[in-house]
Amino acid sequence: MGNRSSFLPLLPGLFPLTLIFTFLLLFISSDLGLVASSANQEPTLGNHVGLAQGMNYNDLLLSINTQTNGGIDEELPPINNSNTFYTKGLLSTVLFPDNSEIIQNLSRHNPASLNQTSESVVLHNFQKLVSGTWSLNVSRGLVTDFHANFKLLTVNGIEKHFIEILNFQNSNGSPVTFNQFSNTPINGYADIKIDDELFQSKFPLTIQIFKINTIVITIKDEAVSDIFYNNNLLGITDSFKNFKGDELLIFEDEK
């Protein structure tokens with residue numbers, strides 16, 4: 001009893017020490033990440049929340065990182081109307097076969113049958129029609145997406161194929177600088193599918209945007225170009241948005 005009585009006067013002093021010790025323990029645990037975060041709390045990386053953020057404008061997705069992340073963001077050019085934009089439209093082209101080389105080669109072997117050969121070539125080489133859509137997204141000078149999806153038919157309606165051009169990559173990472181008042185060439189490589197089967201991968205091509213009104217696609221691979229009679233694919237633009245999502249292509253009503 002004597003020992004227990006001598007311990008009681010110490011209790012008022014031990015209680016504040018216990019509170020201080022508990023507070024320090026909770027503070028240290030939270031600083032070391034030992035306290036479980038709530039289910040709705042967004043994960044953090046260092047002092048930066050999440051990863052690269054995007055700005056969504058309907059069908060427009062621009063890869064815009066609003067925060068610096070270890071100095072990576074500082075290496076990218078600032079966003080402006082010349083290097084960040086989204087555009088889309090229609091492809092509509094009549095492809096004409098070039099029979100001159102075929103006729104010339106055949107005439108060397110049998111000049112007497114030149115007229116008959118010419119008629120045969122013309123009758124069996126029908127023009128082809130291209131009809132479909134395309135879209136192009138450029139962020140900070142790099143093509144983040146280019147997609148062309150169209151039908152390819154002979155004018156007699158017998159031959160029909162579904163063509164898809166996708167997975168575009170800039171040549172050597174060359175940046176795109178859009179010129180609203182002139183021609184903007186974009187060189188790169190892409191894949192092409194015919195009837196949902198890969199026909200050629202990483203073939204070279206050039207996309208040209210003339211002002212904000214038309215598009216010209218030039219195929220620079222012999223096997224792919226032969227499908228289109230070595231013609232360019234032509235199209236028009238029906239939407240052109242800058243990095244803010246503002247529509248630049250405005251059709252004024254005729255008075």
Report the extension gain between Tyr189 and Asn213 in nm, rounded to one decimal, defined as 0.36 nm multiplied by the number of residues separating them, less their alpha carbon distance. 6.3 nm
For the pair Leu76 and Lys202, how long in nm is the line joining their label points, each one 7 Å along Cα→Cβ? 2.5 nm
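How would you order 171-177, 211-217, 150-156 from highest to lowest mean count of nearby Cβ atoms within 10 Å? Spell out each step's value before the answer.
Numbers: 171-177: 13.0, 211-217: 17.4, 150-156: 15.1.
Going from most to least packed, we get 211-217, 150-156, 171-177.
So if we plug the beta-carbon distance of Leu249 and His147 into 1/(1 + (r/R0)^6) with R0 = 22 Å, what FRET efficiency do we get, rounded to 0.05? Working shown, then result.
Numbers: r = 19 Å, r/R0 = 0.85.
FRET efficiency, Leu249 to His147: 0.70.
Run the numbers for Gln169 and Asn232: contour at 0.36 nm per residue of separation, minus the present Cα-Cα distance, in nm. Kindly include the intermediate steps, with their values, before the conclusion.
On the way: separation 63, 0.36 × 63 = 22.68 nm, distance 1.93 nm.
Full-extension gain reported as 20.7 nm.
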Is there a pair in Lys151/Lys202; Lys220/Lys244; Lys88/Lys151; Lys151/Lys244; Lys211/Lys244 whose C-alpha atoms are over 26 Å apart, and which pairs would that be? Lys220/Lys244; Lys151/Lys244
Provide the FRET efficiency to the nearest 0.05 for the Asp221-Leu90 pair, computing r from the beta carbons and using R0 = 41 Å. 0.95
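First compute the accessible area of the stretch 130-205 with a 1.4 Å probe, then give the percent of it belonging to carbon and sulfur atoms.
47 percent
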Which order do Ile209, Ile79 take when ranked by solvent-accessible area (1.4 Å probe, heavy atoms of all protein chains), largest first? Ile79, Ile209
Quick one, what does Rg over Rh come out to for the stretch 140-255 if you take C-alpha atoms and the Kirkwood Rh? 1.00
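The values are calculated or read from the model by the stated rules, or taken from the named source; none is laboratory data. From a predicted model like this one, the values you see are computed outputs, not experimental measurements. Reconstructed Cβ throughout: ideal geometry from the backbone, glycine too, with neighbour counts over all protein chains shown. Side chains included, ligands, DNA and RNA excluded: accessible areas come from the protein's heavy atoms. Shrake-Rupley method; radii C 1.70, N 1.55, O 1.52, S 1.80 Å.
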